[in-house]
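In what follows, a structure is listed as structure tokens, so that the remarks can point back to it.
Each reported figure results from applying straightforward, stated rules to the coordinates on display, with no laboratory input. These figures come from a predicted structure and were not determined experimentally. Note: ideal-geometry Cβ built from the backbone for every residue, glycine included; neighbour counts use all protein chains shown.
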Amino acid sequence: MSSSDNIYTLRKVAAKDSKACFVCYKPTDTVLVAANKSDHFYVCELHLKDEGFAVGVKGQQYVELEQQVKELEGRRDAQRKRCEQQRPSSWRWVPGLSSKDEKSKDVSKEYEESKRELASTEKELAESEQNLKEYRFKQYKLNDAIYETRRRAQAQARMSSKRQEKIRQPGFFPSVPKHDVQS
């Protein structure tokens with residue numbers, strides 16, 4: 001089996017069809033199905049959040065969300081710098097140090113406008129980060145140890161079924177001799 005076989009798709013089943021979780025044996029309606037449909041198992045959604053069990057395969061939508069967050073972080077940082085540069089002097093309260101002309105009013109208006117832009121960008125960034133955090137993956141890649149355990153269990157099940165077939169065939173066990181023993 002190649003590493004591409006280690007891609008599992010998340011499926012949901014009806015509550016009445018739920019079965020025991022592969023890890024904790026609690027009833028669950030979440031199923032992971034192998035890409036080649038050779039393997040499937042039930043698992044709780046909580047276990048899917050554990051990176052020691054499985055890691056979500058990042059699709060196009062997830063990558064776009066990550067890029068959007070990076071872009072918003074860059075824009076936020078630029079707006080913070082601009083806001084710091086436009087901040088009116090803190091020495092304005094000292095009489096005679098600051099002039100009360102139109103220029104200082106324009107500076108404070110620009111500062112207020114950049115503060116509003118910064119607040120809206122931070123709000124948009126928080127929403128995007130929340131969307132990224134709550135993103136539900138559709139495909140997962142199992143941890144190598146878990147995947148190897150699944151492969152071994154499948155191989156063992158195949159061997160067991162072959163052995164059961166051999167046992168059921170006539171002639172597998174020796175039979176009692178049917179002829180008379182001569183002395």
Please work out the C-alpha center-to-center distance from region 166-183 to region 30-63 and express it in whole Å. 52
Would you work out the charge dipole size for the chain about its Cα centre, treating the Cβ of every Lys and Arg as +1 and the Cβ of every Asp and Glu as -1, and quote it to the nearest 20 debye? 780
Tell me the label-point distance for the pair LYS16, LYS109, using the 7 Å Cα-to-Cβ offset, in nm and rounded to one decimal. 6.9
Which of (1) 22.9; (2) 16.8; (3) 24.7 gives Kirkwood radius over Cα pairs in Å as computed here? It is (1)
Can you find, among GLY56, GLN164, GLN79, the residue farthest towards the positive end of the dipole of the chain? Put +1 on the C-beta of Lys and Arg, -1 on that of Asp and Glu. GLN164
Please give the FRET efficiency for ASP144 paired with GLU165, using the beta carbon to beta carbon distance and R0 = 35 Å, rounded to the nearest 0.05. 0.65
Kindly list the residues of region 50-74 that lie in the label zone of LEU132, defined by a backbone N under 18 Å from the point 7 Å along the Cα-to-C-beta vector. 56-74
Zone of LYS49 (label point 7 Å along Cα→Cβ, backbone N under 19 Å): which residues in region 58-82? 58
